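Coordinate-derived values only; no laboratory data. Just so it is clear, the model here is predicted, and its values are computed rather than measured. Don't worry about glycine lacking a Cβ; one is built from the backbone with ideal geometry, like all the others, and counts go over all protein chains shown.
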Amino acid sequence: MELFTPDFGLVFWMFIAFGVLFLILWKFAWPVILKTVDSRAELIDKGVEYAQNAKEQLDNARQEAESYLNDARRQQADMLRDADKMKTQIIEQARAAAQVEAQKVMDNAKVQIEQQQKEAQHQFRNQVSEFALQIAGKIVQNQLADDKAQEKLVDTLLDEIENKK
């Protein structure tokens, strides 16, 4: 049973050795352990803070990206609206120019038709007057074939001239 019951001297020296070891550990090892644990805790705290900052930055970046997308969509809608207005204006300008050009062509055609009508009327009058002169010449020639008819015609013309004065 001696094995199971320690001697008083052994217990005393064990307590002294434990006390010295405890004092050495408390003086030298414990501050290093606490410093390491504190630096580790500080490192973990910094990591958590960095993760929170990164999350905030990511949230801000998402909001900025959404804002940029909304601005881009608005600008795209404005550009499409402006392009549609420009298209409408160009079509209207082209339509107006086509109407003006068509009116010019129609006016020009009217002028040409009027000129052609006047030329045709002038030619018709010339032809009618030529025919009338030819007919009158033939009638006068037939009437003047006789001497008495010639004298009567000359007297009638002279009477008309005198009456006009």
Where does helix 8-24 land angle-wise versus the long Cα axis of the chain, in degrees 0 to 90, nearest 10?
30 degrees
Quick check for me: using +1 on Lys/Arg Cβ and -1 on Asp/Glu Cβ, what's the dipole size of the chain about its Cα centre, in debye to the nearest 20?
100 debye
Under the 7 Å Cα-to-Cβ spin-label approximation, E64 and Q103 lie apart by a distance in nanometres of 5.8 nm
Helix 147-164 vs. the chain, principal-axis angle (Cα, 0 to 90°, nearest 10):
60 degrees
Rounded tilt (10° steps) of 30-143 against the dominant C-alpha axis of the chain:
0 degrees
For the chain, what is one quarter of the convex hull surface built on the Cα atoms, given in nm²?
31.0 nm²
Calculated [θ] (222 nm, deg cm²/dmol) that DSSP helices of n ≥ 4 give over the chain, each run adding -39,500 (n - 2.57)
-34000 deg cm²/dmol
Projected label distance in nm at D45 and E162, using a 7 Å step from Cα toward the beta-carbon:
15.1 nm
